[in-house]
Number of protein chains: 2
Amino acid sequence: MSTSRSWFCIPRGSHFSLANIPFGVISTATSQTPRVAVAIGDHALDLELFAANNGFAALSTIQPHQAVFSQPSLNAFAALGRPIHSVVRTYIQSVFAEDTPYPDVLKNNSTLQKQALLPLKDVTTHLPMKIGDYTDFFAGMRHAFNAGCLFRGPENALQPNYKHIPVGYHGRASSVVVSGTPIRRPNGQILLDPKAEKNIPTFTACRKLDIELELGAFVCKANKHGEPLPINEAHNSLFGLVLLNDWSARDIQAWEYVPLGPFNAKNFGTTISAWVVLADALEPFKTKGIENDTEILPYLREKEEKNVYDIRLQVDIKTNAGNSSTVAKVNGRHLLWSFPQMMAHHTITGCPLQTGDLLGSGTISGDTSAEFGSFLEQSEGGKTAVKLSGGEERKFLEDGDEITITGVCGGDDSALVGFGECVGRIEPALQL
Amino acid sequence: MSTSRSWFCIPRGSHFSLANIPFGVISTATSQTPRVAVAIGDHALDLELFAANNGFAALSTIQPHQAVFSQPSLNAFAALGRPIHSVVRTYIQSVFAEDTPYPDVLKNNSTLQKQALLPLKDVTTHLPMKIGDYTDFFAGMRHAFNAGCLFRGPENALQPNYKHIPVGYHGRASSVVVSGTPIRRPNGQILLDPKAEKNIPTFTACRKLDIELELGAFVCKANKHGEPLPINEAHNSLFGLVLLNDWSARDIQAWEYVPLGPFNAKNFGTTISAWVVLADALEPFKTKGIENDTEILPYLREKEEKNVYDIRLQVDIKTNAGNSSTVAKVNGRHLLWSFPQMMAHHTITGCPLQTGDLLGSGTISGDTSAEFGSFLEQSEGGKTAVKLSGGEERKFLEDGDEITITGVCGGDDSALVGFGECVGRIEPALQL
Ligand SMILES: [Ca+2]
Ligand SMILES: [Ca+2]
Ligand SMILES: [Mg+2]
Ligand SMILES: [Mg+2]
Ligand code: NI
C-alpha cells in the first residue's frame, strides 16, 4: 500500500497530502455544531459523519472512543494518547490510498464521499483545542539576542540563564484565536520619551504593533501534579504542532515588562493555524537544532539528537493598498530548545501540564535579516523601514495589514506535510 | 427581618455567620459527586439537595437556573451575574433568619435539615471554580518595595511603572489547588553563588521555599475579546474573594526571572481557600487602600474611593515538631490597586476575562516586619531568622511545615464575614 498516491484528488502542492492528515474542528452552514475533521487536499473529512457511517468499521481500537469526533475540540481525541493518534492517522491514510484495503469504506461509497468530504472553502474552522494554559517560550536564540540588544544592549542581550534554561513565561490562554480572526490594535500605556528624566506614560493606541513567528505545540498526555515529565518520555505528551503568531505591542511591552515580564503587550491576541499536524506526521522531518555550547543539566538532556523540525516557515504581508510582500523566510530548526525539553523544564517543579495546553516556541529568527521573525528585528527596533512591494514600507504594522504565516515540510510536491495558513488582519484600535 | 440572628445554631466567632453565606463546592462520603453549597456556621447547606426539595420555592428568579447547583464548580452560578448572586444570598439569609418569612422551607422542615445541612467536618471541599486563566498582580506596594530591595537594591526597588500600572503577570491556572492539598517542594535550577564570575546552575530541591499572603478574586461576568471593561463597570465582573497563598521558590526565581518574569518559581502550586466570599458580603467592609501619590491615567480612575477591603489577615505556621506560631498579621487594605483597577488594566488591550478566571492581589505586607506577608521579607532575604514558638526558627519553609492563612471582616462576633482557612503543608521534594 502506497501512502503517497490516493484515489482521491489531492492537488499537487497541497499542504494536506496523504502524508499529513492534520486534525481540526469544523462547522458548515448546514451543520453548525463544531466537530472533528481531518484535512485532505482541498477537503475536510468530517470524522463525526465518517464514524457514524461505519467509516471506522475496520479499526476496532477506535470504536469505543468514537464520541471524541463529535466534540467541539480535539481534547478528547488528544487525551487518547499517541498510539491511538497513530493508528487513526494510519487508518485514514489507508482508506485514502489508491490501493486501499478498505475500498467499501469510502473509495466505492460515493454517498459517504458526498456527505463527509467537504470542500475546505465551504468549511469554517474553529480553535482546534480547548486551551487550559498557554506558555510561551523563548527558544529562538537569534531572536532572543536581537530583542535583547534592542531592549538592553548587546552586552546584556542574552541573559546568563539563557543557555541553561528553556526560558518561558505564562501567556494568556483566553486570547488565543484561530487563523482568520481579526486582531484589534490594542490601547495601552507607553512612554513617548523613554529617556526623559521623569517617566510619564501616555495612553494611546499601540504604535509599535508587531508579529512573532512561532511554532505552537499542543499537549496530549497530562502529567500528575507533583510528578515531572522525564525528558525522554516527554514526546509522549506532544500531540502536534501549529503555526503561531504571537502579536506583540512593543511600546507597551517596553514600559510594562519590568520586573514581572510581558503582560498587556501580549494578551490581546495570539493566532494559531487551524489544523494540528500530528507529531507522527512531523517525525520524518526531525533535524538538529541550534547547538548548545553550554553543558546542560541532566533533566534537560535528550537522547535524540534530532529534536526540532525542518519546516520552511514564511511570513507574508498584504497591505490595505493590496500589495503583497514576503517579509521573512526561516527554517523551523533555529531553536536552542526542543518541545520535549520545554515540557521537561516546565514540569520539573511538578507543574501539571494538561491535555490541550499550548506551548509557543518563541520567535524563530535565522542568521540574516531576511530570516528575522518579527518587525522589531527586521526594522532594528524601528530604525530602518522594511521595504515592501508597491513602494510601501513598514517599521511596524499598520491598520488593515494582513499577516499570513505558512509552514511546510518535505520536498516532494505530492507528499507535503504543511500547516496551511495562520492569518490575522489588523483592525483599528477602539477610540476610548 | 434580622439577618444577624438565626434559628439555626451558628457558633459565635464563626467565619460563616448569617452575614456571610459564602459559596463552595463539596462532596461527602455518601454522595461523592461534587456540587454547590454554602457554608453557614459549622455546616454546609447542600444547594443541589436544597433546590431539589423545593428550597427555592419562594425565589422564582432562580428556578430556571437551578441546574447551576448541580455543577462541579461555581462557574455556572457565577455566570448568572451579580444581581442573581445577590438575590440568592439574600434569600438564603432570609431562610435562616430567626423570623424567616419562609419557615416551611427549612426551619420547620427537619427532614430537609437532616439531609441538606451537613457538618463541615464531614464534607470534602473542592476547588470552587474551574479556572481558565490565573493572573497574579503585584499591588501590595510594601511587598513590591521589600522584594525589589532584595532582588535589585533600594534605588531600583520600585520600578518607574509601579504607580502607573497595576503590574501583573500571567500565572499557572492548572496548579491552583484548594486548601488542604499538600504542596511538594519543587526541584529546579538555582545559583549557589550568584556572585561567581561564571554562572553555573545547580539542580536541587528548592532551598528558599516561601509563601505569599494574597487575596484572590474570581471573575463572574466575561468581557468580549477586543472590548475593555470600563473601570466603573468592572465591579460587575467581581464574583467574590478567597485567600490565596502564592507558594514561591525564591532561589529558582532569582535565577530564572530575567527577562520574562517568574515561571517555575511559581508554577508548582498556588493554594486558595475553599469558600468564595461574595463581593456583596464584603461590601460593608470596603475601605481606602494605599494612596497613590502619582496621577493615574483616566482608564484606571475609580469613582469609588473605598475600593479595597478591611480584612484582618493572618499567617500561622505549624512545624513538624508541633509548634504553632503566628508569622504575620496584616490588613487587606495595604494595596495600591483594587480588583476593579486590575480588571480594567487587564482588559484595556481587549484581553478577554472569562467566568472563573482568578486574579491574585499580590503579596500583602504592612509597614512593620510583623505585617510582612512572606518569609523573604520577614527574614530579610534569608539574613535574619524568624523566631517561632518552642525555640524554633525559620528563614524559609522546611518539610512538614504547615501554613494556614486566615482572613476575617467585622467586629461583631455573631456577624463575622470570614474566609475560613487556606492551608498547605510542605512535602519533601522528589528525589530525581
Ligand atoms: Ca513570543
Ligand atoms: Ca505573588
Ligand atoms: Mg508570546
Ligand atoms: Mg503568584
Ligand atoms: Ni434568569
Answer with yes or no whether residue A:389 is away from chain B (no Cβ under 14 Å), closer than 30 Å to residue B:133 by Cβ, out of contact with any His (no Cβ under 7 Å at 6 or more places or on another chain) and modelled with pLDDT of 95 or more.
-> no
Scan of the range B:210-242 for residues that are surrounded by fewer than 24 Cβ atoms within 10 Å (Cβ to Cβ) and closer than 17 Å to residue B:76 by Cβ, ordered by number | B:221, B:222
Right, residue B:8: surrounded by fewer than 23 Cβ atoms within 10 Å (Cβ to Cβ), aromatic (Phe, Trp, Tyr), outside the structural domain of residue B:103 (by the TED database) and more than 16 Å from ligand 5 (Cβ to nearest atom) or not?
-> yes
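Only one of B:74, B:80 is outside the structural domain of residue B:246 (by the TED database), out of contact with any strand residue (DSSP E or B) (no Cβ under 9 Å at 6 or more places or on another chain) and within 30 Å of residue A:134 (Cα to Cα); which?
Going through B:74, B:80 in turn, the sole match is B:80.
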Selection within the range B:356-380 - of a type in the set (Phe, Trp, Tyr) and either within 16 Å of residue B:225 (Cβ to Cβ) or part of a helix (DSSP H, G or I) (or both) | B:375
State all residues of the range B:176-201 that are surrounded by fewer than 24 Cβ atoms within 10 Å (Cβ to Cβ), outside any loop (DSSP other than H, G, I, E, B) and facing chain A (nearest Cβ under 9 Å); if no residue qualifies, say none.
-> B:177, B:184, B:187, B:189
Go through the range B:263-285 and give me each residue that's away from chain A (no Cβ under 14 Å) and either out of contact with any strand residue (DSSP E or B) (no Cβ under 6 Å at 6 or more places or on another chain) or within 16 Å of ligand 3 (Cβ to nearest atom) (or both).
-> B:280, B:283, B:284
Does the range A:305-326 hold any residues that are free of Cβ contacts under 8 Å to residues at least 60 places away in the same chain and either closer than 18 Å to residue A:139 by Cβ or surrounded by 16 or more Cβ atoms within 10 Å (Cβ to Cβ) (or both), and which are they?
-> A:305, A:306, A:307, A:308
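Yes/no matrix, rows are residues, columns are (1) more than 23 Å from the chain's Cα centre (by Cα); (2) within 14 Å of another protein chain (Cβ to nearest Cβ); (3) in a loop (DSSP other than H, G, I, E, B):
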| site | (1), (2), (3) |
| --- | --- |
| B:292 | yes, yes, yes |
| B:328 | no, no, no |
| B:344 | no, yes, no |
| B:350 | yes, yes, yes |
| B:354 | no, yes, yes |
Can you run down the residue pairs with Cβ atoms below 8 Å, 6 or more apart or on separate chains, where the first is in the range A:19-46 and farther than 26 Å from residue A:285 by Cβ and the partner is outside any strand (DSSP E or B) and acidic (Asp, Glu)?
-> A:28/A:122; A:29/A:122; A:35/A:48
For the range A:152-173, the count of residues that are within 7 Å of another protein chain (Cβ to nearest Cβ), buried (at least 21 other Cβ atoms within 10 Å of the Cβ) and away from ligand 4 (no atom under 16 Å from the Cβ) equals 5
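The values are calculated or read from the model by the stated rules, or taken from the named source; none is laboratory data. A quick note: this is a predicted structure, and the numbers were derived from the prediction, not measured. As a convention, Cβ positions derive from the backbone with ideal geometry for all residues, glycine included, and neighbour counts pool all protein chains shown.
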